[in-house]
Structures are given as C-alpha cells and as structure tokens.
Amino acid sequence: MLRSLFCSLFLVSFTVIGQKFKQERYKNFDRRLFHFGFMLGFNTSDFTLYPELNNYENYKILSVENNAQPGGQLGILTTMRVGTPMVRLRFIPTISFQERSITYRFEDTTKLGFRLEDERVNSTNLDFPLMVQFRTRRLNNFAAYCLVGGQYSIDLQSQEKASQNYIDPFIKIKRTDWQGQIGAGLEFFAPYFKFGLELKFTHGFGNVFVKDNTYIAVPIRNLYSRGWVVSFIFEG
C-alpha cells in the first residue's frame, strides 16, 4: 500500500506540471531563513530478521517470521534554508508509537503438525531525525522534493535490563538506535501556510536485539529496525 502511495506522489506531480500558470501563493516562504510547523503521520514497523538456524532443530522450531504492524506519530518541525531555497535542513523531534510482531511455528503432535506463537514488541520512541531536503523549483503552488538523513531513537518502553520471565518470556530490544532515512514528498502552497505529503523509509544501522537463553530468543541472531512512514506536514 505504501509503495503504491509513493508511485501516486509522482503521478500527481506530472499532472500538476501539465497545468496552466496560476498566481503563486505564500511568496515570502522561500525568503525566510527559518520555518516552523508540525507533523502528523502513521507508520508500519517491523524488523529485518537474521535467524540462528542452528538452534531450530534443538527447540523444534519450523520457522520464525516478523510482520509489520501499524502505528502513529506526532512531531514538531523546524526547517532552515541552506543558501538556496532549493536546499533545506530539517529537524523534527517526534514521538512515535510502534508495534512489531514475530510469529514462531513450532513442531507439534496435534493434527496440524505445528502450533503458532505470536510475540508482540511494542515501542514508544522519542525520535530525533535530521534530514537534508532537496526541492524542485515551484510550479504555480506546487513543488516536489526528496530527502536523506538519519535519526537517533530512544525507546521509552525498552526492557533491555529487565529480568526475564523464562516461563512466559518476551523479546528484549535495546533502548537506543541509530537509523538511516530516505524519502520523497509533495508540497502545496496555501495563502498562509504550506502543506506537505511525504513518504519515508527508515532502517537501523545496528542490531537492537538483546540475546538471552529463552526459547523465543535462541532462534534469532540479529534484529534491525525498519519501517515506512507517511506524514502530513503543516509549515508556516
């Protein structure tokens, strides 16, 4: 769904390019050094999972899969013009709510021959993304852009140092993470503010998995955070 939205962004851009010239709104936007606003968005989050295949047979594991789950986020935006109006530096401190699901398929003596067990990993993150935005020139009241950068994340729900329950274990995730980001978006200029629609992909640089000896941890070697974010940005 998110990939389809990404393609739609570019289809909309070609449609707008074909329009006749209209009077530009909010002409002073590109002249100002700083701009402020807010961001509302939703995400789908999961992991890049690397298994520990040698342990599958010992724990009667048939497969381990992770599945993306929906979430939401809210951020406060600051952008700064870097020389030309076409290049901007963007900082959006964000609180994001994420959920990931890891599904285990174990051997079983039932009629099906297997049983499923689902482990949910919930996170409430404070994200500090710093992005460089490269924008096209305005056409009427429209512009397109791409961006690249990274972010530092703090998981407020992390149980990295919590005591493990070996009867009913849980997946441990590190409290902090560094992630790279890349994305693209469209901007629409109203008389007194700018509205943006953005799609962004995020992937962690480091392994966030905390290894222990529980039966749900032994089949996993590494976990890297990843996700797609759709944002609605209001900037004045």
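Hey, among ALA144, ALA184, ALA162, which residue is among the aliphatic types (A, V, I, L, M) and modelled with pLDDT under 95? Outline the logic, then answer.
Numbers: ALA144 fails: modelled with pLDDT under 95; ALA184 fails: modelled with pLDDT under 95.
ALA162 is the lone residue from the list that is among the aliphatic types (A, V, I, L, M) and modelled with pLDDT under 95.
On the given criteria, is ARG137 of a type outside the set (S, T, N, Q), over 17 Å from the mean Cα position of the chain (by Cα) and assigned to a loop (DSSP other than H, G, I, E, B)? Can you show your working first?
Numbers: of a type outside the set (S, T, N, Q): yes; over 17 Å from the mean Cα position of the chain (by Cα): yes; assigned to a loop (DSSP other than H, G, I, E, B): yes.
It is true that ARG137 is of a type outside the set (S, T, N, Q), over 17 Å from the mean Cα position of the chain (by Cα) and assigned to a loop (DSSP other than H, G, I, E, B).
Per the conditions (1) modelled with pLDDT under 90; (2) surrounded by 15 or more Cβ atoms within 10 Å (Cβ to Cβ); (3) of a type outside the set (Phe, Trp, Tyr), the sole criterion not satisfied by GLY149 is (1).
Results for (1) in a strand (DSSP E or B); (2) within 23 Å of THR78 (Cα to Cα); (3) touching a residue at least 40 places away in the same chain (Cβ under 8 Å), shown as yes or no for each residue.
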| position | (1), (2), (3) |
| --- | --- |
| SER163 | no, no, no |
| TYR166 | no, no, yes |
| PHE170 | no, no, yes |
| ASP177 | yes, yes, yes |
| ASP212 | no, no, yes |
| ILE216 | no, no, yes |
| ARG221 | yes, no, yes |
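Quick one: ARG120 ticks every box in (1) of a type in the set (Lys, Arg); (2) surrounded by 14 or more Cβ atoms within 10 Å (Cβ to Cβ); (3) over 19 Å from PHE201 (Cβ atoms) bar one, so which box is it? Every condition holds for ARG120 apart from (2). Before we move on, is THR103 in a strand (DSSP E or B), in contact (Cβ under 8 Å) with a residue 12 or more places away in the chain and surrounded by 14 or more Cβ atoms within 10 Å (Cβ to Cβ)? Judged against the criteria, THR103 is not a match. Is one or more of the residues making up segment 193-202 surrounded by fewer than 17 Cβ atoms within 10 Å (Cβ to Cβ), of a type in the set (D, E, K, R), in contact with a Phe, Trp or Tyr (Cβ under 9 Å, 6 or more places away or on another chain) and part of a strand (DSSP E or B)? Taking every residue of segment 193-202 in turn, none turns out to be surrounded by fewer than 17 Cβ atoms within 10 Å (Cβ to Cβ), of a type in the set (D, E, K, R), in contact with a Phe, Trp or Tyr (Cβ under 9 Å, 6 or more places away or on another chain) and part of a strand (DSSP E or B). When each of GLY72, GLY37 is tested for being in contact with a Gly (Cβ under 8 Å, 6 or more places away or on another chain), touching a residue at least 12 places away in the same chain (Cβ under 8 Å), exposed (fewer than 14 other Cβ atoms within 10 Å of the Cβ) and not polar (S, T, N, Q), the lone residue that passes is GLY72.
The values are calculated or read from the model by the stated rules, or taken from the named source; none is laboratory data. None of these values were measured; they are calculated from a predicted model. All Cβ positions, glycine included, derive from the backbone under ideal geometry; neighbour counts span all protein chains shown.
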